[in-house]
Structures are given as C-alpha cells and as structure tokens.
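Colleague: Attaching a single structure in structure tokens format; questions to follow.
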C-alpha cells in the first residue's frame, strides 16, 4: 500500500477510536515496509565503488619467460598442450600487457552503468566461473547460458564460448562487453571512459608504448590476462610434475580407479590432453531436441575440467547441480539425437551409455575432485587489484 492510499483509507474510516488506532498502526507498518523495499531496490541498483587499482611496483610475472607453460603440460603421457596453444604472434603475453588485462578484467567501468566487471561472472575462487545457474547482466537480466570457466583457455584451439563462435580470444573478450544484456557498453564510449581516468593512459603506455586507448588494445590486454590463467597445480598435476614417470601414489586408490575409468570409458576422447579441454563443439545427448542449438545441431564445447568441483552447476544451461548428476547422466541418460557425437554412439547408432556401478561413479567423482588447483584459486597475480572492491 502506498503512503497516499494509506492516508486516504484513514481519512475515510469512521469506526471507533480503538479501530482507528489499530488502522493507524497497520498503515505505519505498511509504509515502513514499502520504504524498506524501495531502499533495498535502490541499494541493489547503486553502482559499485570506483577507484584506482593498487598495483605492485613491478608487474607480476605473466610472460612465458617468467611463467612458462608447465613442463608436464608440454611433455605428458596424457597428452601435450603445445599443439593447442592459441597465442598469436601479434599478441604475445607480456607482464605489463597482462597486468593491464587484469585491471580491465576486474573494472566495473567496462559496463555501461559501472555495476559489473568481467570478474562479476568469472570469479577467481570459482575457477573463473560462477555458481549461479544463469549470471546477471548490467541491468540485472539473466543471461541465456551458464558462465563458462576460463582456466586454460589458452589451449582452446577451435573457437571460444559455449558455441565456439569466437574466432579468437581477442574477438571473444569483446563480445560480453558490448552485448546488450551482459555489459552493454559501446566500444567508443568505453574508450573515452577509460581515457578520462588518471591511471589507464599510463598502463597503456606500459603495455603498448603509447597512451592511446582503443578497443583493439583493450581486447589484446584482456586476452593476455585470460591466457595467463593456466591452472596446473592440482593434486592430479602433482602426480605428473615429478620430472620423471608419474607418481600415482599421490592419489588415493579410489582416485586412481576414477582416473582409470576416465580413460577406459572414453571421457578422455573429448576432454583431451593433460589440461582436459574439449577439442571442439559436440552434441553430447543432453536433449533429443534442444531449444538452444549452440553452434548448430545442439553442439556445445566444454571448458577445461580444471577446478570443476568448485564451480557447479554444470553444462551450458547449468542443469546439473552436482558432479554426481553429471556422471549419472553419462552413465544412464544420454539421449538419442540425429547429431549425437559419434564417440557417444554404439555400433548400432544408439546412445552409448557407460552403465557405471555406484562404486565406479563415486570413483570418477573422486578423480574429478583431484583437479582442484587451490593455489590458482588464491593466486594474487590473478586477483582483484581494486582496493575499493575488497570486503572489510
């Protein structure tokens, strides 16, 4: 009830003083509730604090010279990532370039109303993914798909995003910034907004040699930072980072059993190499007919499995709440579809379900949990550099 309608109701009342007093009390309570709701909405719509980043005197090491691709990623019995490195010769990662990318990644100025940053959906503690089924854009509208995690995106060779439409990482990073639902800002307006700050021109000088701020340079810096997000220090990695033969004793028996199932059941055929990334888009039988057709014929690509245990829910639409549900889907519920990936078809063309026992499902989940890289989730060089964003 609004304040006007409450007052009108009180003026028209002609009952006893006791009833009038009760009505006055009720009206007051309703007015307080209404005001509280308006203030809550206003608070939710208020902009995030703006400030300059707090950066180290010298940039953190992001370049291959300072932080090379881990040796066990280069030479691994599980599969090398070298063939999949998408770094273009024209945009090699440098320390000042990735530092600028880090600042851009966390800056809410990249949205039209200064409310959200790239990091609002891609959160470090969640493997640069999100636990919301559908993240919200700058006006609070839900996005059409679940947020895709970014770890090991350096090794996505054939397209970016769930549908693989991004031809390069440089092209992909601009899509959410200019999207009318996600961040909603015009590239020209973004260039002018950043140029008006006290700190961005200097950061662009460090990264590119001059203070000019352009959309192409913004994309290049963001791509450098995202390529630096290599996750390679999980417990599973430790077994392969010995410098010699893998030391599987670092895993429990159940985890070793899960790794064996991952390979023998064919999971490794889609989640490839030591970084476990999808080679391209696939229809994995989620639906017989899908309203979201992805890249066409309900084909989607999966992110690297690193840190998968911390970033539920799963799939492009976040339909599965737990890893156990994902495993059970591949065990029993793959659906027939004309475009179902050949690797998920039996000899007769029907869906090839894994039919895992309860113990095997538990083992596979246990193995997937070994892919959590705690140091990656806490690394300062990947963290929010804006002090005004920090919680007290």
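Colleague: Taking every pair of Cα atoms in the chain, average 1/r, invert it to obtain the Kirkwood radius, and report Rg/Rh to two decimals.
Modeller: On the way: Rg = 25.4 Å, Rh = 23.5 Å.
For the chain, the value is 1.08.
Colleague: If you fit an axis through the alpha-carbon atoms of helix 95-106 and take the longest principal axis of the Cα set of the chain, what angle between them do you get, 0 to 90°, nearest 10?
Modeller: 40
Colleague: How tilted is helix 215-227 with respect to the longest principal axis of the chain? Cα atoms for both, answer in degrees (0 to 90, nearest 10).
Modeller: 60
Colleague: Moving to a separate point now. Between helix 358-369 and the chain, what is the angle of the helix's C-alpha long axis to the longest principal axis, kept within 0 to 90° and rounded to the nearest 10?
Modeller: 80
Colleague: Can you give the calculated 222 nm mean residue ellipticity of the chain, where each DSSP H run of n ≥ 4 adds -39,500 (n - 2.57) and the sum is split over every residue, rounded to the nearest 500 deg cm²/dmol?
Modeller: On the way: 15 runs with 139 residues, N = 392.
Mean residue ellipticity, 222 nm, calculated: -10000 deg cm²/dmol.
Colleague: Taking springs between alpha-carbon atoms closer than 10 angstrom, which of 87, 242, 322 fluctuates most in the Gaussian network model of the chain?
Modeller: 242
Colleague: Work out, step by step, the length gained on full extension between residue 139 and residue 379: first 0.36 nm times the residue separation, then minus their alpha carbon distance; give nm to one decimal.
Modeller: Details: separation 240, 0.36 × 240 = 86.40 nm, distance 3.03 nm.
Contour length minus Cα-Cα distance gives 83.4 nm.
Colleague: Can you pull the one-decimal nm distance between simple spin-label points at residue 58 and residue 175, each 7 Å off the Cα toward Cβ?
Modeller: Label at residue 58, label at residue 175, 3.8 nm between them.
Colleague: Right, something else. Quick one: check the C-alpha center-to-center distance for region 325-370 versus region 67-95, whole angstrom.
Modeller: With region 325-370 and region 67-95 each reduced to a Cα centre, they are spaced 30 Å.
Colleague: Have a look at 252, 280, 131 and tell me which one the Gaussian network model of the chain (Cα, springs below 10 Å) gives the largest fluctuation.
Modeller: Result: 252 has the largest fluctuation of those listed.
Colleague: Could you please tell me the mean projected area of the C-alpha convex hull for region 248-392, averaged over all directions and given in square nanometres to one decimal?
Modeller: Numbers: hull surface 45.3 nm².
For region 248-392, averaging the hull's shadow over all directions gives 11.3 nm².
Colleague: For a Förster distance of 30 Å, can you work out the FRET efficiency between the beta-carbons of residue 75 and residue 254, rounded to the nearest 0.05?
Modeller: Working: r = 28 Å, r/R0 = 0.92.
About 0.60, to the nearest 0.05.
Colleague: Within 10 Å of each residue's Cβ, count the other Cβ atoms and sort 142, 282, 271 from fewest upward. Numbers along the way, then the final one.
Modeller: Details: 142 12, 282 22, 271 18.
Listing 142, 282, 271 from fewest to most nearby Cβ atoms yields 142, 271, 282.
Colleague: Taking the Cα centroid of region 203-251 and of region 136-183, what is the distance between the two, rounded to the nearest whole Å?
Modeller: 18
Bear in mind that the values in this text are calculations on the coordinates, not laboratory data. Since we're looking at a predicted model, the values are computed, not measured. Counting neighbours? That spans all protein chains shown, and the Cβs are built from the backbone with ideal geometry, glycine included.
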